[in-house]
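Colleague: I have a structure here, written as structure tokens, and I will follow up with some questions on it.
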Amino acid sequence: MFPEIPSEVDIAVIGLGPAGSSAAMACAKAGLRVLGIEKRQEIGSPCRCGEGLSRSALERMGIELDEKWVNIGLYGQTVYAPNGKYVRIDFDEPKGWIIERKVFDKHLAVLAARAGARILSRTEALDLVRENNKINIRLNSGNGTGEVRAKIVIAADGVESKIARNMGINTTLKLVDIASCAQFEMANVKIDSKRAEYYTGNEIARAGYAWIFPKGKDTANVGIGIRKPFANKTAYEYLKEFVNSHPGLKNGSIVEVNCGGVPVGGLLENMVADNFMVVGDAAHQVNPIHGGGIAEAYVGGRIAAEVAVEAVREGNYSKEFLSEYNKRWWKERGNKLKKLVKVRELVENLTDDDLNWLANYMTGEDLINLTRSSGIKRLAMLLMKKPRLLKFARKLL
Amino acid sequence: MIEADGKCLRCGGCVSVCPLDALTLTESGIVCSDKCTDCGICAEFCPLSAIKTEKVGE
């Protein structure tokens, strides 16, 4: 019967977002037998993402820009303080893009298939049982159940991941470590279609921010991420108020509604078990300051795949062997992201007054550099000028 | 036990914050198991206030 489910593979990847497709692609390129499954009928949908991708993120992923999934090139960005004062930066050429995740995610799955992975959408993993140094996965592919045995399972099943927990890895997020997000894709809005805009303020988006990411000349992703327990309203309520108070947005139309949870902390010391690895949102591989996770997921998937390939070559799928992935990921990404969690902790303590004050001193370059350690140091020096913020400055240094 | 109403968009964030691993995201919505103690963390997280717990309903 078509589509046929292979009975035995080297690697089974569950979930085909950027992390899963990246892992499937890298394992297939190394010559392993790979099955990648996606429970939804369409890879990339529904989109739970602001769809921003910076040039540095793209370079980290090492993939070619393709006009088929790029909406807009960004020639600048503006960050607004609560009092309307702003910090802006302009670029001569695009330093980022707003992409179309529904096309992008499917494109990555196509690349994985082209590399030799077997891809199956509308196929759900019902349960996993470890047996004889393999994992048996019971699958439901829409027209009945089947079973596949894998030497290693790579779980890329998103923020709602249950698989890692079932395999003994505690991925439960604290409320403080997850952003509660709502987004409208809007049409007929009056916006600057070449820049990304961010709005801060405790009334606008408590312990988070609002964004306007252009997708076309009069279309945009307009979203909000906030964090409980700091916020006293839902993300959706904040978003409605933001849109209503913005002259360029309030007369626009809503062509898509999304919501979701974005891990912004809770980085996992351990992401492996015997015959098992977890990647992407399911492993909380997200930038804790802005909540961007496309490149983090892709890189996480690639690092996991590198170790999985070595494991299959060695015939060793033990937790000890696979924990090389923990080591490599923490060295390449984890330690950097952990520093950014500290900046996030600062942000949740800033009053509107502090944010207005910061807007007087920060430059556009400072904002861009915030994800680098030099930028964090510079921010700490700045905070020292205001006695109230001194204690937060110390934590950053 | 918790219940998600028609506002639910099945984003699954509630599943990730449930300390008791009581929730599962399915095609038809959020399914709650009897491990649930009505702690309300899922409802607190929900971007759409789609979740009602017995506690919130009181």
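Please treat every number below as a calculation from the coordinates, not as lab data. What you see is a predicted model; the values in this text were computed from it and never measured. Here the Cβ positions follow ideal geometry from the backbone for every residue, glycine too, while neighbour counts run over all protein chains shown.
Colleague: Looking at the stretch A:187-295, which chymotrypsin sites (Phe, Trp or Tyr not before Pro) are in a loop (DSSP not H, G, I, E or B) and have at most 15 other Cβ atoms within 10 Å? Could the numbers behind the result be given before it?
Modeller: Numbers: sites: A:Tyr198, A:Tyr199, A:Tyr209, A:Trp211, A:Phe230, A:Tyr236, A:Tyr238, A:Phe242, A:Phe276; in loops: A:Phe230.
Listed in order of number, the matching sites are A:Phe230.
Colleague: Quick one: among A:Met25, A:Met381, A:Met271, which has the greatest mean-square fluctuation in a GNM of chain A with alpha-carbon springs under 10 angstrom?
Modeller: So, out of A:Met25, A:Met381, A:Met271, the one fluctuating most is A:Met381.
Colleague: What does the charge count near A:Ala156 come to, summing +1 for each Lys or Arg and -1 for each Asp or Glu among other residues with Cβ under 10 Å from its Cβ?
Modeller: -3
Colleague: Can I ask one more? At what distance in angstrom do the alpha carbon centres of the stretch B:16-58 and the stretch A:145-164 lie from each other?
Modeller: 23 Å
Colleague: Follow-up question, since we're still on this one. Connecting C-alpha atoms closer than 10 Å in a GNM of chain A, tell me which of A:Asp66, A:Asp274, A:Asp354 has the biggest fluctuation.
Modeller: A:Asp66
Colleague: Then there's this: I'd like the FRET efficiency for A:Asn251 and B:Glu27, computed as 1/(1 + (r/R0)^6) with the beta carbon distance as r and R0 of 30 Å, rounded to 0.05.
Modeller: Working: r = 36 Å, r/R0 = 1.20.
E between A:Asn251 and B:Glu27, to the nearest 0.05, is 0.25.
Colleague: By its C-alpha gyration tensor, with a ≥ b ≥ c as the square roots of the eigenvalues, how is chain A shaped: rounded for a/c under 1.5, else prolate for a/b larger than b/c, else oblate? Intermediate results must be reported in sequence, preceding the final value.
Modeller: On the way: a/c = 2.07, a/b = 1.60, b/c = 1.29.
Judged from the Cα gyration tensor, chain A comes out prolate (a/c at least 1.5, a/b above b/c).
Colleague: Restrict the search to the stretch A:1-94; then list the trypsin sites (Lys or Arg not before Pro) that DSSP places in a loop and that have at most 16 other Cβ atoms within 10 Å of their Cβ.
Modeller: The qualifying sites are A:Arg40, A:Lys68, A:Lys85.
Colleague: In whole Å, how far is the Cα centre of the stretch A:176-241 from that of the stretch A:297-329?
Modeller: Answer, in whole Å: 36.
Colleague: Can you tell me the relative contact order of chain A? Whole percent, Cα pairs under 8 Å, sequence separation 6 or more.
Modeller: Details: 872 pairs, mean separation 76.8, N = 397.
Computed over chain A, the figure is 19 percent.
Colleague: Another question, if that's okay. Are there any GluC sites (Glu not before Pro) in the stretch A:226-313 that are in a DSSP loop and have at most 13 other Cβ atoms within 10 Å? List them by number. Could the numbers behind the result be given before it?
Modeller: Details: sites: A:Glu237, A:Glu241, A:Glu256, A:Glu269, A:Glu296, A:Glu306, A:Glu310; in loops: A:Glu269.
Of the GluC sites (Glu not before Pro), the ones in loops of the stretch A:226-313 whose Cβ has at most 13 other Cβ atoms within 10 Å are A:Glu269.
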